[in-house]
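Student: Structure incoming, see below.
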Amino acid sequence: MPGARHKILGHVLSGFCHKMNRRKPLYGDSLDTPLNRCLTTFDITLLGVGHMVGAGIYVLTGTVARYMSGPATAVSFLLAGVTSMLAALCYAEFGTRIPRAGSAYAYTYVSLGEFWAFIIGWNIILEYIIGAASVARAWSGYLDEMLHGAITNATISITGELHETLLSTYPDVLAFLICIVASLILAVGVKTSAYINNGLTILNLLVISLVIFLGFYYADCNNWSEENGGFMPFGFKGVMAGAATCFYAYVGFDSISASSEEAKDPTRSIPIATILSMSLVGIIYILVAVALTLMVPYKNIVPEAALPAALGEVHADWAKYAVAVGAVCGMTTTLLGSLFSLPRCLYAMSADGLLFGFLSDVNNKSQIPISNLIISGLSSAIIALLFDLEKLVEFMSIGTLLAYTIVSAAVIILRYRPTPALDDKHFSVPQLESPGDREDSSATGTPGTDGGSSSSEMFEALMVGRLRPEYAWLEPLTGGRAPVTTWVYIFTLATAALCVHNYFLAEPAGHWALLPTFILLTIIIACLVIIWAHQQNPMKLPFRVPWVPLLPAISVMLNLELMINLNSLTWARFAIWMTFGLLLYFLYGIHHSKLGEGVTGLLSRSGSGSGGGGGWGAVDKTSSLARRVARLGRGKGDDRKPIISDDELARRDP
């Protein structure tokens, strides 16, 4: 029965594709949560600053300046900061749309679908685990350098060396203990840990201000002269490689989004905290890089303790002790930020059924996911015990860049997607399209509105996502029906191909070598023009990314460019991590997803809030999805037609 087998196979594949692309609806009270909403805008801003200003200042700056960019490290930080700021603006818009834990994972689930959400969530887990481990390792290494190697010598004398290529030289027991202590601090409750983070961050900022002042006071412009290698001794390629590594310094801003479910007023606090923290941190990194390379020639920088060594060289030895205090504070807040965010991501994925159910359990007293925190602390501690800082930093960057790329692309997609007309009085935030609403509904003339909508609302809904009248001449090219998502995918693929082509094109091999560049640039520009020609959704939000689709598109391009500049071994490790993630999704997540309960399950599932209101992700019976299902139930019976009919079976029966 080859025909029957083909039908069954087609049905199975179609079901898999549907499951992978199902999007999470946003119905019910989005502020309802079992977590403790107690964080102010000030708390969240300092959480982001503390997460970003730590090992990046005290360790990464010296490493990049010594081996990658030289005095041009400031330019590397500027490029990485601009790239991060563009991504941060996209996160800020999503934070006003979806005030939930999970950061980019939650945003992707609503906008692109379950499969991409799992990919992003899996990479966020990697980012936070390795982020915490790398900071603990930097904390330990910094203290060891200040003690002239006493910790290293004592550890090796007791445990011996590790003679494995992929592991560090010796097991870092101090880094292991640091992760455990940080986890215990977070276990006391989010408000108490926020107070500790605020105090340490403010003290760290005071120390950094002192370092910047001393750096410019003892500055010697001769350190940027040609006799010392010039401003850009490693060339522009070194600046780009440095920017790809410096990106690590900014990854902490997504901890702001991870705190959405514990913010008092997330729709206001998240965008304000994101923009303030990114601006402040970017300025700090650039000024520290300039001050460091002006104090000493880049060849004399000691990567493990760049700032104390530089201050010692200009005979400001007294300041070394202040720097030591700042380093301890900064690295501690960065570690707290990573271990704060990781359990929230695990909690969000588990609550959706994509990870094991016990990970969504919240302690009634502390109102934090304790089991997640234990797993997060132990995982980070074990990695910090066994792996080097250099291997950890680049491995973390690739997953973060991928998350930023997808979030930036998702902002474009959502901006051109219709908003269904929902009449539930409990809806408190701008609503997004549900899985029952087709992405191209505006193009087919069937937006998610009901008969109660006014004629003006109907007209506005019909126009969203369609070509604007002045660009009607593009309809023969677009076909008038291809959704904006298609053009975003084409743009992203063409950008990735252009970055790969330029990376491997070491030297121009004649004019023919420029032909692929010209073709890909033409495709990229054409996609942006076509996207721009469509009608945007005018929905009012507390914060919206300006100049869409241009700014998110630039963010996608810069993120992809930095990803391409990471080394091949990092890509190999990333592929291994993704293989484990895909196995977990297809063997567990896709079958246990809360959206996999079927339409009945969606319609009947209630939220956790009081009053019987629908929780986040639940579908109220008055929603457009319910009305569509009801219409399907009253329609023709073709939707319930068996894969193989009885007549076909009778004909095939010998």
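The values are calculated or read from the model by the stated rules, or taken from the named source; none is laboratory data. All of these numbers come straight from a predicted model, not from anything done at the bench. Here Cβ is always computed from backbone atoms with ideal geometry, including for glycine, and neighbour counts include all displayed protein chains. Quick note on the areas: whole protein, heavy atoms, side chains included, nothing else; ligands and nucleic acids left out. Shrake-Rupley method; radii C 1.70, N 1.55, O 1.52, S 1.80 Å.
Student: As an exercise: evaluate Met349 against (1) touching a Ser or Thr at 6+ places or on another chain (Cβ under 6 Å); (2) at pLDDT 90 or above and give the number of the one condition it does not meet.
Tutor: (1)
Student: Same structure, new question: Failed condition for Thr522, given (1) over 23 Å from the mean Cα position of the chain (by Cα); (2) at pLDDT below 90; (3) open to solvent by 50 Å² or more (accessible area, probe 1.4 Å), with all others met?
Tutor: (2)
Student: A further question on this structure: Being without any contact (Cβ under 8 Å) to a residue 12 or more places away in the chain and part of a helix (DSSP H, G or I) is the requirement here; does Leu551 meet it?
Tutor: Numbers: without any contact (Cβ under 8 Å) to a residue 12 or more places away in the chain: no; part of a helix (DSSP H, G or I): yes.
So Leu551 does not fit the description; no.
Student: Okay, next question. What residue, among those in region 19-51 that are at pLDDT below 80 and either open to solvent by 30 Å² or more (accessible area, probe 1.4 Å) or over 30 Å from His592 (Cβ atoms) (or both), is nearest to the chain's Cα centre (by Cα)?
Tutor: Once the filter is applied, the top-ranked residue is Leu31.
Student: Scan Lys299, Lys237, Lys264, Lys320 and give me the residue that is touching a strand residue (DSSP E or B) at 6+ places or on another chain (Cβ under 9 Å) and open to solvent by 10 Å² or more (accessible area, probe 1.4 Å). Talk me through it step by step, then tell me what you get.
Tutor: Details: Lys299 fails: touching a strand residue (DSSP E or B) at 6+ places or on another chain (Cβ under 9 Å); Lys237 fails: touching a strand residue (DSSP E or B) at 6+ places or on another chain (Cβ under 9 Å); Lys320 fails: touching a strand residue (DSSP E or B) at 6+ places or on another chain (Cβ under 9 Å).
Testing whether each residue is touching a strand residue (DSSP E or B) at 6+ places or on another chain (Cβ under 9 Å) and open to solvent by 10 Å² or more (accessible area, probe 1.4 Å) leaves just Lys264.
Student: Those residues that are in a helix (DSSP H, G or I) and either modelled with pLDDT under 85 or at positive phi (or both), I need them from region 159-188; list them, please.
Tutor: Residues of region 159-188 that are in a helix (DSSP H, G or I), as a first pass: 159, 173-187.
Once the filter is applied, which keeps residues that are in a helix (DSSP H, G or I) and either modelled with pLDDT under 85 or at positive phi (or both), region 159-188 yields only Thr159.
Student: What is the number of the single condition among (1) at pLDDT below 85; (2) surrounded by 17 or more Cβ atoms within 10 Å (Cβ to Cβ); (3) assigned to a loop (DSSP other than H, G, I, E, B) that Phe543 does not meet?
Tutor: Only one criterion in (1) at pLDDT below 85; (2) surrounded by 17 or more Cβ atoms within 10 Å (Cβ to Cβ); (3) assigned to a loop (DSSP other than H, G, I, E, B) is unmet by Phe543, namely (1).
Student: Here is a follow-up. Out of region 189-246, which residues are touching a Lys or Arg at 6+ places or on another chain (Cβ under 9 Å) and modelled with pLDDT of 90 or more? Even if it seems obvious, please write down each step before you answer.
Tutor: Filtering region 189-246 down to residues touching a Lys or Arg at 6+ places or on another chain (Cβ under 9 Å) leaves 189, 228-229, 233.
Pro233, the sole residue that qualifies.
Student: Now for a separate question. Suppose we filter Phe94, Phe115 for residues that are open to solvent by 10 Å² or more (accessible area, probe 1.4 Å) and out of contact with any strand residue (DSSP E or B) (no Cβ under 6 Å at 6 or more places or on another chain); which single one remains? Give the steps one after another, and end with the answer.
Tutor: Values: Phe94 fails: open to solvent by 10 Å² or more (accessible area, probe 1.4 Å).
Checking each option against the conditions leaves just Phe115.
Student: Still on this structure: Just checking, which of Ile564, Ile576 is without any contact (Cβ under 8 Å) to a residue 24 or more places away in the chain, of a type in the set (Val, Ile, Thr) and under 22 Å from Ile120 (Cβ atoms)? Quick ask: steps written out before the conclusion?
Tutor: Values: Ile564 fails: without any contact (Cβ under 8 Å) to a residue 24 or more places away in the chain.
The match here is Ile576.
Student: Hey, His315 hits all of (1) in a loop (DSSP other than H, G, I, E, B); (2) closer than 22 Å to Ala104 by Cβ; (3) free of Cβ contacts under 8 Å to residues at least 60 places away in the same chain but one; which does it fall short on?
Tutor: Single failed check for His315: (2).
Student: Return the residue satisfying two criteria in turn: it lies in region 445-489 and is among the aromatic types (Phe, Trp, Tyr) and surrounded by fewer than 13 Cβ atoms within 10 Å (Cβ to Cβ), and of such residues it is modelled with the lowest pLDDT.
Tutor: Taking region 445-489 first, the residues among the aromatic types (Phe, Trp, Tyr) are 459, 471, 473, 487, 489.
From what's left, surrounded by fewer than 13 Cβ atoms within 10 Å (Cβ to Cβ): 459, 473.
Numbers: Phe459: 58, Trp473: 84.
Filtering region 445-489 for residues that are among the aromatic types (Phe, Trp, Tyr) and surrounded by fewer than 13 Cβ atoms within 10 Å (Cβ to Cβ), the one modelled with the lowest pLDDT comes out as Phe459.
Student: When you scan region 243-264, do you find a residue that is among the polar types (S, T, N, Q) and outside any helix (DSSP H, G or I), even just one? Write out each step before concluding.
Tutor: Our first condition is that a residue be among the polar types (S, T, N, Q); within region 243-264, this holds for 245, 255, 257, 259-260.
With the extra rule that they be outside any helix (DSSP H, G or I), the set shrinks to 259.
Yes; the residues of region 243-264 include at least one that is among the polar types (S, T, N, Q) and outside any helix (DSSP H, G or I).
Student: So which of Leu550, Leu566, Leu560, Leu584 ends up being among the aliphatic types (A, V, I, L, M), modelled with pLDDT of 85 or more and under 28 Å from Met68 (Cβ atoms)?
Tutor: Values: Leu550 fails: under 28 Å from Met68 (Cβ atoms); Leu566 fails: modelled with pLDDT of 85 or more; Leu584 fails: under 28 Å from Met68 (Cβ atoms).
The unique qualifying residue is Leu560.
Student: Which residues, counting only those in region 138-195, are more than 28 Å from Tyr321 (Cβ to Cβ), among the β-branched types (Val, Ile, Thr) and surrounded by 15 or more Cβ atoms within 10 Å (Cβ to Cβ)?
Tutor: Val190
Student: Let me ask you something else. Considering only residues that are surrounded by fewer than 23 Cβ atoms within 10 Å (Cβ to Cβ) and aliphatic (A, V, I, L, M), look in region 335-372 and name the one that is farthest from Leu200 (Cα to Cα).
Tutor: Top of the filtered list is Leu359.
Student: Still on this structure: State which residue pairs qualify: first residue at pLDDT below 85 and inside region 356-374, second residue in a loop (DSSP other than H, G, I, E, B) in any location, beta carbons under 6 Å apart, and separation of 6 or more residues or different chains.
Tutor: Close Cβ pairs (under 6 Å, with a partner that is in a loop (DSSP other than H, G, I, E, B)) amount to Ser366/Gly189; Gln367/Leu35; Gln367/Asn36.
Student: Shifting gears a bit: Given the criterion under 20 Å from Tyr109 (Cα atoms) and surrounded by 14 or more Cβ atoms within 10 Å (Cβ to Cβ), identify the matching residue among Thr570, Thr492. Don't jump to the end; show me each part of the working.
Tutor: Details: Thr570 fails: under 20 Å from Tyr109 (Cα atoms).
Answer to the check: Thr492.
Student: Could you tell me whether region 556-565 includes any residue that is charged (D, E, K, R) and either exposed (fewer than 13 other Cβ atoms within 10 Å of the Cβ) or out of contact with any helix residue (DSSP H, G or I) (no Cβ under 9 Å at 6 or more places or on another chain) (or both)?
Tutor: Applying the first criterion (charged (D, E, K, R)) to region 556-565 yields 561.
Imposing the further condition that a residue be either exposed (fewer than 13 other Cβ atoms within 10 Å of the Cβ) or out of contact with any helix residue (DSSP H, G or I) (no Cβ under 9 Å at 6 or more places or on another chain) (or both) reduces the set to none.
No, region 556-565 contains no residue that is charged (D, E, K, R) and either exposed (fewer than 13 other Cβ atoms within 10 Å of the Cβ) or out of contact with any helix residue (DSSP H, G or I) (no Cβ under 9 Å at 6 or more places or on another chain) (or both).
Student: Restricting attention to region 142-154, does a residue exist that is part of a helix (DSSP H, G or I) and over 29 Å from Cys179 (Cβ atoms)? So that I can check it myself, show each step before the final result.
Tutor: Of all residues in region 142-154, those part of a helix (DSSP H, G or I) come to 142-146, 150-154.
Keeping just the survivors that are over 29 Å from Cys179 (Cβ atoms) gives none.
Checked against the condition, which is being part of a helix (DSSP H, G or I) and over 29 Å from Cys179 (Cβ atoms), region 142-154 yields no hits at all.
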